[in-house]
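Novice: If you scroll down you'll find the structure; I have some questions about it.
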Amino acid sequence: MSGLSKGVGKVEVALKWDPAPAGAPAHDLDLVAAVFTAEDPHGAPAQLVHFGKRSPDGTITLLRDSRTGQGFGYDEAMTLELDRLAERYTRVVVGVVIQQSGGRVTFGGTAQASVRVSEGYTELLTYDFGGAADATAATVVEFVRDASAGWTFRPLQRGFDTDPQSFGSLMGTARA
């Protein structure tokens, strides 16, 4: 970022994967965003945004939700308007969780899974889950509010072996 940069403002996180092989249960991957306050940046999320639930203030919205990975290009997309988030929110972690309704599925068992984070036409990062092949959920990126630079981002590529219901409470935890 240059000296005149105000950090990132409005970003899109997009997820794609190939459908499950014929005859196998569908692979359903979901984007999840956890929003944290300055008082508890690594504890319980103040907001949890995922399929069927958007942020109360409308700053984080899931635009597309796929249950199979069928389609062209990115199958799910989430918009985060970081520059509109209330001052009390200082950290946002975005991750992906695999629904386990048809039996245990990991990222290694999901063909061509990847995430792209972009701001406008600028690609900020991509991740192919290679470091989380045995995981059923993974964090991808975190955004942190910096008083001088606005919102900054960094990769936060960490796999978890957990179910979708528990993932939200684990996303923001500090590494041991």
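Bear in mind that the values in this text are calculations on the coordinates, not laboratory data. All figures in this text were calculated on a predicted structure; none of them were measured in a lab. Neighbour counts are summed over all protein chains in view; Cβ atoms, including those assigned to glycine, are modelled from backbone coordinates with ideal geometry.
Novice: Which is farthest toward the positive dipole end of the chain among ALA20, VAL140, ALA174, measuring Cα position about the Cα centre, with Cβ charges +1 (Lys, Arg) and -1 (Asp, Glu)?
Specialist: ALA174
Novice: Report ³J(HN,Hα) in whole Hz for each residue of segment 16-29, in order, from the Karplus equation J = 6.51 cos²θ - 1.76 cosθ + 1.60 where θ = phi - 60°; Gly and Pro get x.
Specialist: Each residue of segment 16-29 in turn: 9, 6, 7, x, 5, x, 3, x, 8, x, 4, 8, 10, 9 Hz.
Novice: Counting only GluC sites (Glu not before Pro) that are in a DSSP loop and have at most 14 other C-beta atoms within 10 Å, tell me the longest site-free stretch of the chain. Don't skip to the answer; put the middle values down first.
Specialist: On the way: sites that count: GLU39, GLU87.
Here the longest segment lacking exposed loop sites spans 88-176.
Novice: About its Cα centre, what dipole magnitude does segment 21-176 give when the only charges are +1 on Lys and Arg Cβ and -1 on Asp and Glu Cβ, stated in debye to the nearest 20?
Specialist: Magnitude of the dipole: close to 100 debye.
Novice: Residues with beta-carbon under 9 Å from that of LYS16, excluding LYS16: net charge, scoring Lys, Arg +1 and Asp, Glu -1? Provide the component values of the computation, followed by the final result.
Specialist: Details: positive: ARG116; negative: ASP18, ASP75, GLU76.
Summing Lys/Arg as +1 and Asp/Glu as -1 gives -2.
Novice: Based on the alpha carbon coordinates of the chain, what radius of gyration and maximum Cα-Cα distance (Dmax) apply, in Å?
Specialist: Every Cα atom of the chain included, Rg and Dmax give 15.6, 54 Å.
Novice: In nm, what is the difference between 0.36 nm times the number of residues separating ALA26 and ALA86 and their Cα-Cα distance?
Specialist: Gain on stretching ALA26 to ALA86: 17.8 nm.
Novice: In nanometres, what is the gap between the two model label sites at GLU39 and GLN100, each 7 Å from Cα along Cα-to-Cβ?
Specialist: 3.3 nm
Novice: Which loop chymotrypsin sites (Phe, Trp or Tyr not before Pro) in segment 98-130, with loop taken from DSSP, have no more than 13 other Cβ atoms within 10 angstrom of their Cβ?
Specialist: TYR121
Novice: Which residue, ILE98, ILE60, GLY9, has the largest displacement toward the positive end of the dipole of the chain when charges sit on each Cβ (Lys, Arg +1; Asp, Glu -1)?
Specialist: About the Cα centre, the residue reaching furthest to the positive side is GLY9.
Novice: Starting from the Cα-Cα distance between THR126 and LEU170, subtract it from 0.36 nm times their residue separation and give me the gain in nm to one decimal.
Specialist: Numbers: separation 44, 0.36 × 44 = 15.84 nm, distance 2.19 nm.
Once the chain is fully extended between THR126 and LEU170, it gains 13.6 nm.
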